[in-house]
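Shown next, in structure tokens, is the structure this report addresses.
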Amino acid sequence: MDKTKIEWCDASWNPITGCYHGCEYCYARKMAKRFGESANCYTVDGNHIKFGVCDDKPIYEIDRKLNTPYPFGFTPTLHRHKLSQPIKWTRPRTIFVCSMADLFGQWVPDRWIELVFDFCASAPQHRYLFLTKNPDRYVSLAQRKMLPTGENFWYGSTITDADTPYFFDRSKNKEYNTFISAEPLLKDTGYGECHSDWLILGAETGNRKGKVVPEKTWIDNICYAADIERIPVFMKDSLIPIVGEENMRREFPWR
């Protein structure tokens, strides 16, 4: 999408949709369910739709636009017709890649990731932000020299609480731009060490039963850790009711 409500980027680009993480708070799954249709509506393994398996999980590939953006619901799907979208955007943008998927989930074939990287390289006027709950995949790709470097590639890791502290550590991967997305904050992450180039903070949105509203002390703690390492902090608008507009921080590492 050339426009997005995500405050820390200018646009989102979804050549791949769908995910198998199963997070209860996932907005993307709800959206796919709302706008998707059953795979039974389409002829699989025909001229335009292919079915496959990766990491023992079903995946699909389509090469043309169908009459719904999520034809197979939240089953991971490669939309080949969307791959060239950044090339058509001539004005430089900060793009969140795969906001409706986890591009680095174990079920995503290497060749899909390589395709996305290739098209990013074909439109170097943009800045590309990736985000995953599986930063081990970053490490694996980096070890095989498959993870692009450069100022316009940013690799993010999602952390929701102190029980998921692992991320793509800049101190161990100095040639890469890294960031942490602590959203939604479900518990106090503690002070810890950020070892990243940027920190994004946000609260859970929506009306899910069991929705967690973070405490201000949780936010203060993680900001304290970021300030020690002089890491820019971006707070999403979902935190305004908690910290107050006067305490909001909207900092970017490239400004």
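The values are calculated or read from the model by the stated rules, or taken from the named source; none is laboratory data. All figures in this text were calculated on a predicted structure; none of them were measured in a lab. In this analysis, Cβ positions are derived from the backbone assuming ideal geometry, glycine residues included, and neighbour counts consider all displayed protein chains. To get the accessible areas, we keep the full protein, side chains included, count just its heavy atoms, and leave off ligands, DNA and RNA. Shrake-Rupley method; radii C 1.70, N 1.55, O 1.52, S 1.80 Å.
Quick rundown of the values:
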{"read-out": "So Asn177, is it under 23 Å from Glu7 (Cβ atoms) and out of contact with any helix residue (DSSP H, G or I) (no Cβ under 7 Å at 6 or more places or on another chain)", "value": "yes"}
{"read-out": "Criterion (closer than 17 Å to Phe179 by Cβ and out of contact with any helix residue (DSSP H, G or I) (no Cβ under 9 Å at 6 or more places or on another chain)) met by exactly one of Thr90, Thr94, Thr77", "value": "Thr94"}
{"read-out": "Members of region 61-87 that are open to solvent by 20 Å² or more (accessible area, probe 1.4 Å), within 16 Å of Pro109 (Cα to Cα) and in contact (Cβ under 8 Å) with a residue 40 or more places away in the chain", "value": "Thr75, Arg80"}
{"read-out": "Qualifying residue in region 165-187 (condition: more than 16 Å from the chain's Cα centre (by Cα) and over 22 Å from Tyr138 (Cβ atoms))", "value": "yes"}
{"read-out": "Members of region 74-91 that are over 18 Å from the mean Cα position of the chain (by Cα) and within 17 Å of Ile59 (Cβ to Cβ)", "value": "Arg80, His81"}
{"read-out": "Test result for Glu204, free of Cβ contacts under 8 Å to residues at least 60 places away in the same chain, out of contact with any strand residue (DSSP E or B) (no Cβ under 6 Å at 6 or more places or on another chain), at negative phi and not aliphatic (A, V, I, L, M)", "value": "no"}
{"read-out": "Selection count where residues are of a type in the set (D, E, K, R) and within 19 Å of Pro135 (Cα to Cα), scope region 6-33", "value": "0"}
{"read-out": "Identity of the residue in region 139-151, among the hydrophobic types (A, V, I, L, M, F, W, C) and out of contact with any helix residue (DSSP H, G or I) (no Cβ under 9 Å at 6 or more places or on another chain), that ends up nearest to Ile200 (Cα to Cα)", "value": "Val139"}
{"read-out": "Number of positions in region 1-34 that are in contact with a Gly (Cβ under 8 Å, 6 or more places away or on another chain) and either under 22 Å from Ile113 (Cα atoms) or surrounded by fewer than 17 Cβ atoms within 10 Å (Cβ to Cβ) (or both)", "value": "9"}
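Results for (1) touching a helix residue (DSSP H, G or I) at 6+ places or on another chain (Cβ under 9 Å); (2) under 26 Å from Arg91 (Cβ atoms), shown as yes or no for each residue.
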| site | (1), (2) |
| --- | --- |
| Asp118 | no, yes |
| Ala121 | no, yes |
| Phe130 | yes, yes |
| Arg137 | yes, no |
| Phe153 | yes, yes |
| Ser157 | yes, no |
| Thr160 | no, no |
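Per-residue answers, yes or no, for (1) open to solvent by 10 Å² or more (accessible area, probe 1.4 Å); (2) assigned to a loop (DSSP other than H, G, I, E, B); (3) within 11 Å of Ile16 (Cβ to Cβ); (4) modelled with pLDDT of 95 or more:
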| residue | (1), (2), (3), (4) |
| --- | --- |
| Thr90 | yes, yes, no, no |
| Ile95 | no, no, no, yes |
| Phe104 | no, yes, yes, yes |
| Ile113 | no, no, yes, yes |
